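Trainee: One structure, as structure tokens, below. Some questions next.
The values are calculated or read from the model by the stated rules, or taken from the named source; none is laboratory data. Values in this document were obtained by computation on a predicted structure and should not be read as measured data. Cβ coordinates were reconstructed from backbone atoms using ideal geometry, including for glycine residues, and neighbour counts include every protein chain displayed.
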Amino acid sequence: MIDAGKPGTVGMARIRDHWRHWASSRRQQASLASSLLDGFPGVAMLVDADGIILSVNPGFEHYSGHPAHTMLGRRVTCLDVDPLHGDIRRALACCMARRSPWRGVLLCRRADGQEIHQQGVFQPLETRPGEALRLLVTLHDITELHQGALHDHALLASLQGTLDRLPGVVFQLRQSARGDLEFRYFSAGLQALAGLSSQTVMDSAETLLGRVHDDDRQRLSTVLAQSAVSLTPWTLEFRLALGDDVRWIEGRATPLRQRDGDTLWDGVLLDITARKGEEQRTQKLVSTDMLTGVLNRRAFFDYGEAVRALAARHGRAVPLAMLDIDHFKQLNDTHGHAAGDLALQAFATTCRDCLRPYDLFARIGGEEFAVMLVDTSPEEAWSVLERLRAAVEAIALDVHGEILDVTVSLGLAVMPPQGSLELALSQADGALYRAKHEGRNRLVPAPGYPEPQERAR
């Protein structure tokens, strides 16, 4: 039986158990804290609110070079490169003002004068009411890491400078699995190339893509889609609108598929405006008759085949004609080749003025010319060529005070939707032969050509 006059034996036992458990826990915590301080690979200090060092860890001297007993009672700022205005003073002030932990990189000085970079942590410790604030300060040497980071930063800056000096713009384009486009990187040359900052285009790809010529935008979408499927590089020449100016750009990029299904292209944009201008000038020289400025025979057949193919796809017939300046040999023999050249130039200019910019007009050879009327019905072609014939008849050449008249004979034919350009020109040439023999200065159709109703009557 329990003696009612004495404290309960069971209650006392429980109190003793709780006390022993608490004491054991405190000893374990103290042992753990001691082990952490002993094994910490750096400097650990307990400092008061004024930064006075109260205690240090066993590794203090090894990592700072200062004997521990010489540092107790001194300010922690004595470890700073600049004790009055250095990093430690600012970190301590920040931690005290906010009453919250501070973490960052500090430049410190060892006892031997060596400057080292330290990863510092200033941690306010919990205090009981009335107790002064204390801080746990740890410093871990990261000099090698810092030097490595500086080296990497310098290397990156050098690489960025190289990219910015390249005669082109380096970019990275990302296409999500849903098809959304995003520019992840642009070198600084974009400003000179397109008048846009790199950040602007990275914020919204459409600020650049929206300037791509409408005809070229679809081609760009097509090559990106093909490259994303086949994972093969793409190359494209396209036009970029810069206000009233148009710039030719060549893009080249290599794709890389990401694990999440996105596609990345690393590529370059080159300004090829000057090159395209040279190509166009060269093309003009190759395709133009030097005397009259109109297409030459080769260009007429090249462009004519393109017109024929387009008309065939849409099931349309294409009118065409052969033209020959009347009595040209006689003009040359009588008034000389200079007068003949003048007549050819005046004739070509007059014909070109009577036609639309996209109609094909070429000098086939000597005084022979050919016309292909694009998007024109056979009935409309008749009236167009009659106006042309009348305009030529109105030419008056002043050669050394003598006025010379110029007329032209025309043979008109039609190329059916699935017809041959060579065959149609042969038919037009036959009609031209008839026009010459019927008196010249006239338009004669090939057999079966649909003539206007008033002429048929």
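Trainee: Limited to region 122-147, what total is found for residues that are crowded, with 18+ Cβ neighbours inside 10 Å, assigned to a strand (DSSP E or B) and either within 46 Å of the chain's Cα centre (by Cα) or of a type in the set (Phe, Trp, Tyr) (or both)?
Mentor: Residues in region 122-147 being crowded, with 18+ Cβ neighbours inside 10 Å, assigned to a strand (DSSP E or B) and either within 46 Å of the chain's Cα centre (by Cα) or of a type in the set (Phe, Trp, Tyr) (or both): 2 in total.
Trainee: Could you please tell me which pairs satisfy a Cβ distance under 6 Å, a separation of 6+ or placement on different chains, a first residue in region 363-384 that is closer than 23 Å to residue 328 by Cα, and a second residue that is of a type in the set (S, T, N, Q) and part of a loop (DSSP other than H, G, I, E, B)?
Mentor: 363/292
Trainee: Can you name the strands (runs of 3 or more DSSP E) wholly within region 193-299 that have at least 3 residues being assigned by TED's automatic domain parsing to the domain that holds residue 178, surrounded by 15 or more Cβ atoms within 10 Å (Cβ to Cβ) and not hydrophobic (A, V, I, L, M, F, W, C)?
Mentor: 245-257, 263-271
Trainee: Shifting gears a bit: Go through 289, 302 for me and flag whichever is touching a residue at least 60 places away in the same chain (Cβ under 8 Å) and acidic (Asp, Glu).
Mentor: Of the residues listed, the single one that is touching a residue at least 60 places away in the same chain (Cβ under 8 Å) and acidic (Asp, Glu) is 289.
Trainee: If we scan region 44-58, do we find a residue that is within 20 Å of residue 146 (Cβ to Cβ), under 54 Å from the mean Cα position of the chain (by Cα), modelled with pLDDT of 90 or more and among the small types (Gly, Ala, Ser)?
Mentor: no
Per-residue answers, yes or no, for (1) in contact with a Ser or Thr (Cβ under 8 Å, 6 or more places away or on another chain); (2) among the acidic types (Asp, Glu):
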| position | (1), (2) |
| --- | --- |
| 44 | yes, no |
| 56 | no, no |
| 61 | no, yes |
| 87 | no, yes |
| 90 | no, no |
| 97 | no, no |
| 103 | no, no |
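Trainee: Answer yes if at least one residue in region 305-324 is under 14 Å from residue 408 (Cα atoms) and either among the β-branched types (Val, Ile, Thr) or in a loop (DSSP other than H, G, I, E, B) (or both), and no otherwise.
Mentor: no
Trainee: Select from region 121-152 the residues that are touching a Phe, Trp or Tyr at 6+ places or on another chain (Cβ under 6 Å) and free of Cβ contacts under 8 Å to residues at least 40 places away in the same chain and list them in ascending order.
Mentor: Within region 121-152, just 122 meets the criteria.
Trainee: Among the listed residues 308, 389, identify the single one that is in the same structural domain as residue 450 (by TED's automatic domain parsing), surrounded by 15 or more Cβ atoms within 10 Å (Cβ to Cβ), on the phi < 0 side of the Ramachandran plot and modelled with pLDDT of 95 or more.
Mentor: Only one candidate qualifies: 389.
Trainee: Exactly one of (1) surrounded by fewer than 17 Cβ atoms within 10 Å (Cβ to Cβ); (2) within 18 Å of residue 301 (Cβ to Cβ) is unmet by residue 330. Its number?
Mentor: Of everything listed in (1) surrounded by fewer than 17 Cβ atoms within 10 Å (Cβ to Cβ); (2) within 18 Å of residue 301 (Cβ to Cβ), residue 330 misses just condition (2).
Trainee: Would you mention how many residues in region 160-185 are assigned to a strand (DSSP E or B), surrounded by fewer than 16 Cβ atoms within 10 Å (Cβ to Cβ) and basic (Lys, Arg)?
Mentor: Looking only at that region, the number is 1.
Trainee: Something else: From 92, 135, 125, which residue is out of contact with any Asp or Glu (no Cβ under 8 Å at 6 or more places or on another chain), of a type in the set (A, V, I, L, M) and closer than 13 Å to residue 51 by Cβ?
Mentor: When all the criteria are applied, what remains is 92.
Trainee: Just checking, how many residues over region 403-426 are touching a residue at least 40 places away in the same chain (Cβ under 8 Å) and over 55 Å from the mean Cα position of the chain (by Cα)?
Mentor: 3
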